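The values are calculated or read from the model by the stated rules, or taken from the named source; none is laboratory data. Being a predicted model, the structure only gives us computed values, none of them experimental. Cβ coordinates were reconstructed from backbone atoms using ideal geometry, including for glycine residues, and neighbour counts include every protein chain displayed.
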Amino acid sequence: MVRIHCGGFGPWPVFNAGVRSRMTIHPQAIVDPQAEVDETAKIGPFCVVGAGVRLGPGCELRNHATVYGRATIGEGTIVFPGAVVGSDPQDLKFKGEDSEVIIGKHCRIHECVTISKGTTGGGMQTVIGDHCLIMAYAHIAHDCRLADHVVVGNNAQLAGHVVVGRKVVISGLTGVHHFVTIGELAFIAAMSGLRQDAPPYIMMDGVPAEPRGINMVGLRRDGWSEEDIQAAKEAFRRLYKNRNGCTVAKIVEDIEASPEGHSKPVERLCAWMRDKLDHGIKGRVLESTRH
């Protein structure tokens, strides 16, 4: 990292020859003197980079991108035109705390995406993992936590404190209620309204969103065997289609005792269901009453 001492619309900043040969900062970018920018980063015209920002190796801010506050962007991540990273949370309780945004490696933050920093009610951090794709006009609110390889579609809106598991796909124009948890490899269909926690490996659709089936495309892409996929399909059928008057607790118990219950993905799904039995299907939404 090197500290940048430039800004406004003046001449190129003066670095030693080795640094300047690797770093590209457009003369019409505004970069705060306290920003830390890796020597291999690129900052395009009309970008604004605030104090406390850290840009990792190979980061690229394309024209008109804005990153400010205490924001860290990992190696190889691209921030597209009009995106705003590190904005104040849209939370009336926010009083200017020194919270932050952390974005992992090789993410793509597309046009006009907004990502708010954290609050005291959520650990002071908004976190996005590695290899995430955030499509145009999406909003990631304060204190959200996205795992690796998450896809958020165009105009999808994640409210505060949402937790998203590995390789989840949230399709376009979907709204996610604050404090919702989405399990790994779930698929949320377009224009859905997700008001409660979504199980792992499940396709959710509708307003309110309801379980529709197993995310077989996602599971195959993740390298699951056909045996595991069929076991997950059977577990879904028993949980959501053919309960035959049984309680969820009884169905989970029966699945765990069945042959498909020995499949690792089914074990994880049953563990998730047991957690919901203990804490309720609204799960972390109940935390909102304490803030």
**Request:** Run ALA83 past the list (1) buried (at least 17 other Cβ atoms within 10 Å of the Cβ); (2) touching a residue at least 60 places away in the same chain (Cβ under 8 Å) and report the number of the one that doesn't hold.
**Result:** (2)
**Asked** If you scan segment 181-208, which residues turn out to be on the phi > 0 side of the Ramachandran plot and touching a residue at least 60 places away in the same chain (Cβ under 8 Å)?
**Response** TYR201
**Asked** Here is a list of conditions, (1) closer than 30 Å to PRO89 by Cβ; (2) assigned by TED's automatic domain parsing to the domain that holds LEU269; (3) of a type outside the set (Gly, Ala, Ser), and LEU173 meets all of them except one; can you say which number that is?
**Response** (2)
**Prompt:** Say we look at segment 8-31 and pick out the residues that are out of contact with any strand residue (DSSP E or B) (no Cβ under 9 Å at 6 or more places or on another chain) and not in a loop (DSSP other than H, G, I, E, B); which of these is modelled with the highest pLDDT?
**Reply:** ARG22
**Prompt:** Which ones in segment 161-191 are small (Gly, Ala, Ser) and either buried (at least 24 other Cβ atoms within 10 Å of the Cβ) or within 11 Å of the chain's Cα centre (by Cα) (or both)?
**Reply:** GLY165, ALA186
**Request:** Find the residue count for segment 89-107, including only residues that are buried (at least 18 other Cβ atoms within 10 Å of the Cβ) and among the charged types (D, E, K, R).
**Result:** 3
